[in-house]
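Data first, discussion second: the structure below is written as structure tokens.
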Amino acid sequence: MNVLISGGAKNGKSYFAQNIAKQMAEEQKVPLYYIATMIPHDEEDRARIRRHVSERAGWGFQTLEQGTNLPGLLRRDASNGGPADAPESGPEVSPGSSLTAAPESAPVDPKGVFLLDSVTALLSNEMFDAEGNYDPDAGERVARDCTAFARATGNTVFVSDYIYGDAETYDTMTEDYRRALAAVDRALAEACERVVEVSAGRIEEWKSPIGDAEELRDTEERHDTEERRDAEERRDAEKRRDTEERRNTEEE
């Protein structure tokens, strides 16, 4: 089953997507892949990547770097052990991380489960290259690539960003990007069997397979339970830090 997950920034999309992808891979007993599309340009980007790597540690993902040319990910030549397209952004997995990076010599199993995070970054990389060149046709190409990838795998979770809610007027290229992302999202919403919006940790099902309602409710309940548990753990950690700080202050 292909899934599109959209929503605002820092609303819990990635965590929800990881849960869905992991569950799908465990049920089908197939490899679990994370398609990393971000190409870091500064330390802020690199810090964000390190945070994402840390959040996925121990989940069983094999990381695949693919900042552009999504179809090339499945074209690995098993006869000579080399990928058709070299990674765009360099190794994402930091030393000492428990996350597994798929060796470049290993062909990708198209029957595995893929989590692509995110469509937003993939389109940005395709539309604006490192030299500052702008490709106005990138949106149509990314829409074709993503829907073709969904058809080829049948088990991809796509994460995108909802960037259409404000009333700002942007420059021409930014507006072109927003319209292109909207077009990609519409194409994926049509191609995917399930479409979900995540907003402030709340799950809204806009499209789902017939007969899967109970399973979807179970997934949502598990997600809510895990979110509450994580929030409680953060509160407990903050209380312990406050207590320790007060104790240190009193001792001084």
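The values are calculated or read from the model by the stated rules, or taken from the named source; none is laboratory data. Everything numeric in this text was worked out from a predicted model, so none of it was measured. Virtual Cβ from ideal backbone geometry, glycine too; neighbours counted across all protein chains shown.
To keep it simple, each residue is scored yes or no on (1) without any contact (Cβ under 8 Å) to a residue 40 or more places away in the chain; (2) under 24 Å from Val198 (Cα atoms); (3) charged (D, E, K, R).
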{"site": "Gly112", "(1), (2), (3)": "no, no, no"}
{"site": "Asp117", "(1), (2), (3)": "no, yes, yes"}
{"site": "Ala121", "(1), (2), (3)": "no, yes, no"}
{"site": "Ser124", "(1), (2), (3)": "no, yes, no"}
{"site": "Val142", "(1), (2), (3)": "no, yes, no"}
{"site": "Cys146", "(1), (2), (3)": "no, yes, no"}
{"site": "Ala152", "(1), (2), (3)": "no, no, no"}
{"site": "Asp171", "(1), (2), (3)": "yes, no, yes"}
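Any chance you could count how many residues in the stretch 20-48 are assigned to a helix (DSSP H, G or I), under 14 Å from the mean Cα position of the chain (by Cα) and surrounded by 19 or more Cβ atoms within 10 Å (Cβ to Cβ)?
Here the count works out to 2.
For the stretch 163-184, indicate whether the set of residues that are in the same structural domain as Leu116 (by TED's automatic domain parsing), in a helix (DSSP H, G or I), over 24 Å from Ile35 (Cα atoms) and among the polar types (S, T, N, Q) is non-empty.
yes
Which of the residues spanning the stretch 1-19 are of a type in the set (Gly, Ala, Ser) and either in a helix (DSSP H, G or I) or out of contact with any strand residue (DSSP E or B) (no Cβ under 6 Å at 6 or more places or on another chain) (or both)?
Passing the criteria: Gly8, Ala9, Ser14, Ala17.
Tell me yes or no: at least one residue of the stretch 127-136 is in a strand (DSSP E or B) and in contact with an Asp or Glu (Cβ under 6 Å, 6 or more places away or on another chain).
No, there is no match, as no residue in the stretch 127-136 is in a strand (DSSP E or B) and in contact with an Asp or Glu (Cβ under 6 Å, 6 or more places away or on another chain).
Checking the condition assigned by TED's automatic domain parsing to the domain that holds Pro110, acidic (Asp, Glu), closer than 30 Å to Ser208 by Cβ and modelled with pLDDT of 90 or more, which residue from Glu27, Glu55, Glu65 passes?
One residue alone meets the criteria, Glu27.
Quick grid of which residues meet (1) hydrophobic (A, V, I, L, M, F, W, C); (2) at pLDDT 75 or above:
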residue: Thr172; (1), (2): no, yes
residue: Leu188; (1), (2): yes, yes
residue: Ser208; (1), (2): no, yes
residue: Arg217; (1), (2): no, no
residue: Glu226; (1), (2): no, no
residue: Glu244; (1), (2): no, yes
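Is it the case that some residue within the stretch 185-198 is within 30 Å of Asp42 (Cβ to Cβ) and part of a loop (DSSP other than H, G, I, E, B)?
no
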